[in-house]
Every structure is written in C-alpha cells, then in structure tokens.
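Engineer: Here you go, one structure.
Each value in this text was obtained by applying a stated rule to the coordinates, not by laboratory testing. Source: prediction; values computed, not measured. Note: ideal-geometry Cβ built from the backbone for every residue, glycine included; neighbour counts use all protein chains shown.
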Amino acid sequence: MNRIARVPRKAQRGVILFVALIVLVAMSLTGIALIRSVDTNVLVAGNLAFRQGATAAADWGIESARSFLKTTIIANKAALDNDNPAAAYYATWQSGLDLVGTTTSPFNWGGSQLVGTDSAGNEVRYVLHRMCEASGAATSAGSNCVKASGSGGATGTEGSTKGTVSYSTLALPASTVVYYRVTVRVLGPRNTLSFVQAMLK
C-alpha cells in the first residue's frame with residue numbers, strides 16, 4: 001500500500017491583503033481629493049457668476065443717477081451748485097474720499113442713495129459727485145471744475161448721401177458742460193461686493 005505524504009501548508013502571512021488595503025486607502029484619498037476639487041471649482045464658478053451679476057446690476061444705479069441729473073437740470077440747474085446729502089449728491093469731488101473702504105476712514109454708504117434690490121438679491125446704492133473743487137456756480141473761477149467744451153457751427157450742414165441714407169454734419173453745442181462722477185456700490189448674495197464708476201456730463 002502506497003502512502004501519500006502530506007506536505008505541510010505554509011503559513012499565510014497576509015502580504016496581499018496588506019497591499020490591497022494600501023491601494024484601497026490610496027484610491028479613497030484620490031476620490032476625496034477629486035470631489036473637493038470639483039466642489040472648489042463649482043464654488044469659484046458660482047462666485048464669478050455672482051460678481052458678474054452684481055456688476056451688471058450697477059447699470060441700474062448709473063441710470064438712476066443720470067435720471068436724477070437730468071430731472072434736476074431741467075427743474076433747477078442751480079440746485080446742483082450745492083451739496084444735497086439727502087439725494088446723495090455732492091457739488092465737489094471731495095478730495096481724499098475713500099469710496100471702496102481701503103483706508104481706516106471709509107465713506108459711509110448708509111448715507112448714499114438706495115436705488116433698490118433686484119430679483120437676484122443685489123442691493124444697489126450710488127453717490128454722485130460734481131467734478132469741481134469747490135461748491136458754487138460751475139462758471140465761477142473758484143469752482144475749478146472739470147469740464148468738456150464743445151464747439152461747432154450754429155446750424156447743421158447737409159452731407160453726403162449713400163443709398164437711401166443721408167449723412168449730415170450736426171451743429172455741436174458751444175456751451176461748456178461739467179462732468180459728474182457716479183459711484184455705484186452693489187451688495188449681493190454671499191457678501192458679493194462690486195463697485196462701478198462712470199463719468200456723466
């Protein structure tokens with residue numbers, strides 16, 4: 001009778017299990033890093049969208065300031081020679097004024113003109129400055145205003161014709177116009193803050 005010799009089994013040391021666990025941990029860490037990266041990109045894209053929305057909402061403030069100027073000029077232009085804090089209008093450029101809060105004494109936007117809040121949650125405010133060194137009539141020597149002067153003929157002249165469209169040279173107003181600076185602050189969702197300035201005349 002032949003006997004089959006039994007070979008003793010080698011003790012398993014679990015090296016493969018250990019390597020598999022290390023690979024599994026590495027893959028888990030990579031997945032978590034990827035998820036965090038995607039979340040960060042989504043947040044950045046969302047913040048950029050909020051910033052663009054806030055900047056676009058500033059047009060509302062600029063148009064409101066332009067409307068205020070137009071109405072005041074038609075009703076009583078002399079009213080623009082002096083400050084009107086209730087309407088957030090100042091007859092001087094207020095040298096050294098910090099409108100965006102970069103110094104220790106920033107402008108108090110609580111005294112600005114509130115235009116309103118749009119459907120996206122952007123609160124729009126503006127402040128309007130006449131570009132003059134001193135208050136008073138813009139024509140006075142001491143006011144030292146920044147002005148744009150136009151000159152032209154008293155009447156327009158007929159120009160050339162191309163097809164059905166006629167081009168002519170229009171008369172330019174000879175009067176001197178003072179510049180006005182409107183600064184708009186938009187406070188939006190997630191503390192989005194945007195400042196836009198425009199020059200009006």
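Engineer: How far apart, in nanometres, would the label points at Ile16 and Glu123 be if each is projected 7 angstrom from Cα along the Cα-to-Cβ direction?
Structural biologist: 6.6 nm
Engineer: Next up: Separation between the Lys147 and Met199 pseudo-spin-labels, each 7 Å from Cα along Cα→Cβ, expressed in nm?
Structural biologist: Those two pseudo-labels are separated by 1.6 nm.
Engineer: Compute the length gained on full extension between Glu63 and Ser37: take 0.36 nm times their separation in residues and subtract their Cα-Cα distance, giving the result in nm to one decimal.
Structural biologist: 5.3 nm
Engineer: Continuing with the same structure: For the stretch 85-143, what percent of Cα pairs sit more than 18 Å apart? Walk me through the numbers on the way to the answer.
Structural biologist: Working: 804 of 1711 pairs.
Roughly 47 percent, once rounded to a whole number.
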